[in-house]
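To start, the structure under review is shown below, and the notes come after it.
Just so it is clear, none of the values below were taken in a lab; they were calculated from the coordinates. None of these values were measured; they are calculated from a predicted model. Reconstructed Cβ throughout: ideal geometry from the backbone, glycine too, with neighbour counts over all protein chains shown.
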Amino acid sequence: MKFLFLLALTWGLEVLPSQGLHPAVRLLDAAGVAVHVTGEPLSPERTCGTCHDVVFIKAHNNHKRLVLGWADARNAVLTRSGELELDCLLCHLQAPDVFSRADTIEAGQLGWAATATLAHTGLVERSLVGWAWKGNRFSPSGEVPAEILGLGPPRDGHCGACHGRTVHAKEEVRPHFDRPGDTLSAASGAVFSGQQLRHGGYNLVGRETLTRPWDVHAERQVGCVACHLSPNNPARRLTKRTGEDANHLLFDPRGLTPGQYLLRPSHEFSLENPRSLRRCQDCHDPMLRHSWLPYKALHFSKLACETCHIPKSYHPARSEVDRTVLTNHFGSPRVELRGVQWDLRRSAVSPVEGFEPILIERADPDGQHRLHPNNLVTTWHWEGSQPAGEPSLDDLRKVYFDGQDFRRQVLDLFDRQGDGTLRVEELTLDTDQRRDWVQGELEGLGNRGLQLVGTVEARHVSHGVIGGSWALRSCLECHTENGRPGRAMRLTHVSSPLGRLELTNGLREKGEIVISEGEAWFEPRRLSPAMLGNGAWAWLDRYGVGLLGFALAAVAMHGGLRWTGHRRRRKGL
Amino acid sequence: MSRLTVIAPLILGWVILGVGTFLSLSSEPEVADPHDYLPRRAVHYDHTALFDQPFPDGPAVTKTCLQCHDRQAHEVMRTSHWTWEKEMADPSSGGTLVRLGKKNAVNNFCIGVQSNWPRCTSCHAGYGWADEHFDFNDATKVDCLVCHDRSGVYAKAQAGAGHPEPGIDLLASARSVGSPGRANCGSCHFSGGGGNAVKHGDLDSALLNPTPELDVHMGKHNFVCQDCHRSKEHRLRGRSFAVSLTCEDCVRCEDCHQGRIHDDDRLESHRTSLVCQTCHLPAVARKHATKVSWDWSKAGDDRPEDEHRYLKKKGEFVYQKELWPTYRWFNGTVTRYQLGQPVRQGEEVSINRPRGTMTDPEALIWPFKIHMAKQPFDLVHRTLLVPKTAGEDGYWQTFDWDRSLRLGAESNGLAYSGSYDFIETSMYWPLSHMIPPAEEALSCHDCHGEPGRMDWLALGYPGDPLQWGGRRTELRMGRTLP
Amino acid sequence: MNDTRQIYTAYERFWHWFQATIIGFLLFTGGVMHWPTLLGDRAFEVSVPLHKTFGLILIANALFGLLHHLVSGAIRHYLLGPPADYFSQAVAQARYYVSGIFRGAPHPFERNPQARLNPLQKLTYLIILNVLLPLQIGTGIAMMLVQGRSWADLPDWLDRGILTGAHLFGSWLFLVFVLLHVYLTTTGETVFGHLRAMLTGREHPSRTGVGATGTVSTITEEGP
């Protein structure tokens, strides 16, 4: 459960005075009766649904299943009893108890999950059946004052509870190196914090020189919701018109009133929805600056802003997720991280050097193909020929575990160090013997046609933005023979399982896998030969040099002959 | 038409085109190097060979100095280091001229000099100001050594009215004279208020040999005081708002840091509302704690003493280290309490309240150390009182408030009714020293995050200007500065 | 000095040397852009706008030069003349360069202010000034113009690879031309005779070769 604990740690409990407008709330159960009367679990849908259109919200929501899905989603607690409701409190409560909620779900008490979120408010306490309401905190009519709940818009910490590290500038960024479900830090190596890199708890190499913040937007108080906005929020309306009919208008002021919005707020924060995401150009005009850059417009048509403004990610990010092994009986895969030099104990003080994202072409909404920074993650898994395809988590558990302990055969097979315990580094199918044994065991459980495959996918790096002298400015970063645009990124580790690597759809035309000295690398496709200085014209240069050399030789010979002829004539004749 | 008249302008044209193009290529605005504006330091003249006889006392040394430096003595005598007062126009009374200075001002530390001369005047740049009859026209009484001694042996006696400690080798001191170093200025200015680091917050003995992190000018670049507090004819630039009322001849960062400072537009735009120190001085008293409150009313008790908590002579104090400033608008003038002014019931008595508001175009937000004190005042006349603390019959010997206040009032020309109490006063100390390197400056969240350092409402903003708009852009609500 | 005659006008000389200098700058800045690591970051950053500027200056100079040649009639020096005559003259000139010159044979072509260029020179300069230079200028301008647009606007065939490749190829040819041109100026009556002529505008009349009519003769016209 340590990752849950760590998860909770990242939730900085900011005890701030509640300044919201939210009225007092009657907490209701699924039948619509006040909970302090019935003692039943809280139903957010009934409670919040008193004023907010829950049907609309559920229909326009891409946070559907707020399950902490570090385990294989298909085998998650959905199979257990009870139903997990949409938990509004997770994002809108001032200090949600993420830990207690996860705990409660893990224990199978799905119905109590939302109630558990309230643990920090003092309205509930744990009981034998789940949770019990403390009646003295409620008014006679069953209302809870708004200040206790502190309901309001999500803060960075709410998003960070799941998506990655968002650290309040005054907290210390304490290291933890991986968390499932993390789409920000573990996926792309970014931390959304205004704190200077050197002030955090990571043992960053060259720390004292890193006087820059993790992310300049976080530093400047631009929070998550400033750019990841609800598509119909009138207060944060994108001023750009998208797909409206009246072409004579720059802006249509007839929008939703705040009240209308609060009744039916869209929760669609999907990146594909153009109205839910602000992009760089929605606030910044790059042509107003960058006067030092020759051929500005050309650069901006070929490079995404992030390419130069996220030159390096300083948080270790996943390079491999190995789902062919289980590191504990909950089902955690083995994870390799990029950008950290693990010491022997894989400890929190291991030196962190960060990594440079790889530049891969991507089609932007305006139709241009630009280079964007990415992290590449290889996910190792078994592919099977059954309808289910991949073997289930339960099957894998049966292969590796006997209850909560590793099976005897697993210990014998994997314990290289011979110390009777299995460390994460030891759990890998890096020899034929280990792989074949596991495959045999899985086949014994009914899985057929198994192949060990590593799927390589690109995760876009969008945070960790920096400006000023920290952004890329030297032409030679790109305009040289091994400049950033063509630079390869390492995919596998020495201890990677023996499997077949394959690129996901998005990467197939963008480059190829190259094996060099036993390691696999992804090499992006050779760039336009028109880019200055990237060595694409070496072949033509060879002809040119040849021609020049030939001319030089001819000149030397011709001149030489003339000279000797002249001398001979002067002497001889 | 001769060929030359055709060719020459053609060639000239190309040359101009070429040179012009080349020059226009450089698009980076030149940032002036602050080092270019440093004053030139004086060349040292070694005085070792000039003196061979020991000196009996301070004035004897001065007499010798005057043999060559007579003019300089008179220069000093025209400055406030000597006179301890200056005539200034009081901005809060429409420019009425007042003579104000350490000589006759009241503060909320040791309160007042008059009647306490030998102790207070131990920091006078002269010898022998033991009472109100000191001859300010006697050039032989100027103390040259306190500023010019470079040996480090020179020290003034603690209650010696400016005379040096007995037993000091004045000959060695005289031989060592040169341009002042930080130790010279600091011998008095670091221990204002009766001890090291008590008064200013940003001036204490840590600046004798500061690390670059403590003070980037004095630590990293080894600045001496007069590099910024430039002197001309012994008149030093700079104003102390403990006694001054206005900012003529103030030292400013812009004296050396000229033009545009920050590459970043957002940072540069803060200069319309903030003075440099506000961001660049996150905390003072980083090595030695400074006094932030002084309760005189608790003095006279026989409880255990602690230099940083309680002294029988002085009362209760609170010291603080790593002190965060308080931020207020300041336009370079203060409203100063002057002796004899009545204080109104229930009003906060501020000895030197900084003037300025958000709408005052001359005002910027400055960082201040605020010192709170409870000091004696006359219940009937409602004026602050200056107690006689030092010397015979002083409070520090008699522990008799009534007696000390009566004696002090006589000396200061105040009426004393016999009935006194203690009133809370505040004093504002603008902070400018102990500037750390630029990467230690405040970051956005320090003021604009929650909780932030700035009290927006107290500063006159409706809320955080990041959301509400700043003083020049309060115009998100449609208002502009006059 | 008395027996020298004017062969190049002041403007022609200026134009020639100016063109040479600009081409030198262009080759240099082009080299910096093509091999960025040689001189470092600042050199690269500065060379990009400099190359553009010099290119524009070159265009102006070339246009002025063309104007001058047309107005003054100097264009005639470059015209090849009737093909039959031209062909035999060109062959004779070529023979001189590959064998005659080693034996000290007289120049087959008599140079005079009315006919300055031998047949091979005419052809070379014609190609240089009407094919290679326009190619460089054209590809250069095209590369410069497209900087303000997105590639989505331009037709597929105009891939910048073609522009860059052609521009690079032309640069190599120009470099080779410079080498050969400098060397071939030494093939006059005296080694530095042509150089001096381009500097001062004056040269000694040639002692051998053809007159304005273009016929070959081995008879010396002047006495010893």
Pseudo-spin-label distance A:L445 to A:V514, built 7 Å along Cα→Cβ, given in nm, is 3.9 nm
Between the alpha carbon centres of the range B:260-316 and the range B:171-247 the gap in Å comes to 17 Å
A correct Kirkwood calculation over the Cα atoms of the range C:5-222 returns a hydrodynamic radius in Å of 19.7 Å
For chain B the mean separation of alpha carbon contacts under 8 Å (6+ apart) over residue count, i.e. relative contact order in percent, is 15 percent
Quick calc: nm separation of the 7 Å Cα→Cβ label points for A:H199 and A:R408 -> 5.7 nm
Counting lysine pairs in chain A that sit 8 or more positions apart or on different chains, with Cα atoms under 27 Å apart, gives 12
Taking chain B and counting helices only, DSSP H stretches of n ≥ 4 at -39,500 (n - 2.57) each over all residues, the nearest-500 ellipticity at 222 nm comes to -6000 deg cm²/dmol
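Output the peptides B:82-95, A:252-265 sorted from most to least packed, where packing is the average of other Cβ atoms within 10 Å over each peptide's residues.
B:82-95, A:252-265
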Taking N as the residue count of the protein assembly as shown, its alpha carbon Rg divided by 2.2 N^0.38 Å gives 1.29
Rounded to the nearest Å, the spacing of the alpha-carbon centers of the range C:69-108 and the range A:479-556 is 48 Å
The aspartates and glutamates whose Cα lies under 17 Å from the Cα of B:K287, excluding any fewer than 8 residues away in the same chain, are B:D202, B:D204, B:E213, B:D215, B:E307, B:E322, B:E440
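How would you rank C:83-92, C:164-173, highest first, on the average number of other Cβ atoms within 10 Å across their residues? Intermediate results must be reported in sequence, preceding the final value.
Values: C:83-92: 14.0, C:164-173: 19.2.
For the peptides C:83-92, C:164-173, the packing ranking is C:164-173, C:83-92.
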About its Cα centre, chain A carries a charge dipole, from +1 on Lys and Arg Cβ atoms and -1 on Asp and Glu Cβ atoms, whose size in debye to the nearest 20 is 3040 debye
Charge dipole of the range C:5-222 built from unit charges on the beta carbon (Lys, Arg +1; Asp, Glu -1), centred at mean Cα; most positive-end Cα among C:A74, C:Q6, C:L175 is C:Q6
Cross-link reach from B:K374 to aspartates and glutamates, straight Cα distance under 15 Å and at least 8 residues apart if same chain, gives B:D295, B:E316, B:E347, B:E348, B:D421, B:E424
Rounded to a whole number, the Stokes-Einstein D of chain A in µm²/s (Kirkwood radius over Cα pairs; 4 °C; 1.567 mPa s) is 47 µm²/s
For the range A:541-571 the chymotrypsin sites (Phe, Trp or Tyr not before Pro) that pass both the DSSP coil test and the at-most-10 other-Cβ-within-10 Å test are none
Of the residues A:G403, A:F300, A:C48, the Cα lying farthest along the dipole of chain A towards its positive end, which is defined by charges on the beta carbon of Lys, Arg, Asp and Glu, belongs to A:F300
By the Cα gyration tensor axes a ≥ b ≥ c (a/c under 1.5 gives rounded; else a/b larger than b/c gives prolate, otherwise oblate), the shape of chain B is oblate
So, over other residues within a Cβ distance under 12 Å of B:G101, counting Lys, Arg +1 and Asp, Glu -1, the net charge is +4
Rounded to a whole number, the mean other protein chain Cβ count within 10 angstrom for residues of A:457-469 is 1
With -39,500 (n - 2.57) per DSSP H segment of 4 or more residues and division by the full residue count of chain A, the 222 nm estimate, nearest 500 deg cm²/dmol, is -7000 deg cm²/dmol
Counting other chain Cβ atoms within 10 Å of each Cβ in A:290-301 and taking the mean gives 4
Distance in nm between C:E189 and B:E348 label points, each 7 Å along Cα→Cβ, equals 10.2 nm
Given B:401-410, A:278-287, the highest-first ranking by average Cβ count within 10 Å works out to B:401-410, A:278-287
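Are there any GluC sites (Glu not before Pro) in the range B:279-387 that are in a DSSP loop and have at most 15 other Cβ atoms within 10 Å? List them by number.
B:E305, B:E307, B:E322, B:E347, B:E348, B:E362
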Mean other chain Cβ within 10 Å across C:94-102 is 2
For the protein assembly as shown, the charge dipole (Cβ of Lys, Arg +1; Cβ of Asp, Glu -1; about the Cα centre) points to a positive end, and the Cα of A:H369, B:F136, B:G160 closest to that extreme belongs to A:H369
Cross-link reach from B:K232 to lysines, straight Cα distance under 28 Å and at least 8 residues apart if same chain, gives B:K63, B:K86, B:K102, B:K103, B:K141, B:K156, B:K199, B:K220
